[in-house]
Amino acid sequence: MSRISGKETKPEIMVRKFLFANGFRFRKNVKVLPGKPDIVLPKYKTVIFVHGCFWHGHTCKRGTLPTSNTEFWQNKINGNIERDKRNVLELEKQGWEVIVIWQCEINNAELQNLRLTKLLSEILSIQ
């Protein structure tokens, strides 16, 4: 687990490249904000989290728990989910709009264009 990086993941890079190509400027992994959001758009007062389905307990195929050491993984994933909820609430209290993008939405070629287009409309509707 220590070798798994929490930043610069392929889905994150895809989202950042898409945003940059569409004229958005952003900051990465801002440490002063709760949860160190993956992407911060200060102009739009918006943060984007790109969550891995396994690590953040998504209900897709990639989010299933391993069959060995199930209790450990259940506690680990539930802890991550609770921490994510706390971070989102804290960010919203501070006036930030929070967008969560799941790994399965970006890795699936059919869903990728739909999700990224939806992301644009979510950001632009905030203004």
| remark: Subset of segment 14-29, residues touching a strand residue (DSSP E or B) at 6+ places or on another chain (Cβ under 9 Å) and either open to solvent by 20 Å² or more (accessible area, probe 1.4 Å) or small (Gly, Ala, Ser) (or both), comes to MET14, ARG16, ARG25, PHE26, ARG27, LYS28, ASN29
| query | Within the group ILE101, ILE77, which residue is in contact with a Lys or Arg (Cβ under 7 Å, 6 or more places away or on another chain) and not in a loop (DSSP other than H, G, I, E, B)? | reply | ILE101
| said: So in segment 92-115, with the set limited to residues that are surrounded by 15 or more Cβ atoms within 10 Å (Cβ to Cβ) and out of contact with any strand residue (DSSP E or B) (no Cβ under 9 Å at 6 or more places or on another chain), which one is nearest to HIS58 (Cα to Cα)? | reply: CYS104
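Listed here are the residues, each with its yes/no results for (1) of a type in the set (D, E, K, R); (2) under 19 Å from THR117 (Cβ atoms); (3) in contact with a His (Cβ under 7 Å, 6 or more places away or on another chain); (4) modelled with pLDDT under 90.
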{"position": "GLU12", "(1), (2), (3), (4)": "yes, yes, no, no"}
{"position": "LEU41", "(1), (2), (3), (4)": "no, yes, no, no"}
{"position": "TYR44", "(1), (2), (3), (4)": "no, yes, no, no"}
{"position": "TRP55", "(1), (2), (3), (4)": "no, no, no, yes"}
{"position": "GLU71", "(1), (2), (3), (4)": "yes, no, no, no"}
{"position": "ILE77", "(1), (2), (3), (4)": "no, no, no, no"}
{"position": "ILE81", "(1), (2), (3), (4)": "no, no, yes, no"}
| task | Please work out which residue is least open to solvent (accessible area, probe 1.4 Å), limiting yourself to segment 30-64 and to residues that are among the basic types (Lys, Arg) and closer than 18 Å to ILE126 by Cβ. | result | LYS45
| task | Consider only pairs whose beta carbons are under 9 Å apart and that are at least six residues apart or on different chains; among these, list those whose first residue lies in segment 103-127 and is under 20 Å from VAL47 (Cβ atoms) and whose second residue is among the hydroxyl-bearing types (Ser, Thr, Tyr). | result | GLN103/THR9; GLU122/THR46; ILE123/TYR44; ILE123/THR46; LEU124/TYR44; ILE126/TYR44; ILE126/THR46; GLN127/TYR44
| said: Taking the condition of being of a type in the set (Ser, Thr, Tyr) and surrounded by 15 or more Cβ atoms within 10 Å (Cβ to Cβ), how many residues in segment 65-91 meet it? | reply: 0
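The values are calculated or read from the model by the stated rules, or taken from the named source; none is laboratory data. Remember, it's a predicted structure, so these values are computed and weren't measured experimentally. When we count neighbours, we look across all protein chains shown, and the Cβ atoms used for this are built from the backbone with ideal geometry, even at glycine. Note: accessible area is taken over every heavy atom of the protein model, side chains too, but ligands, DNA and RNA are not part of it. Shrake-Rupley method; radii C 1.70, N 1.55, O 1.52, S 1.80 Å.
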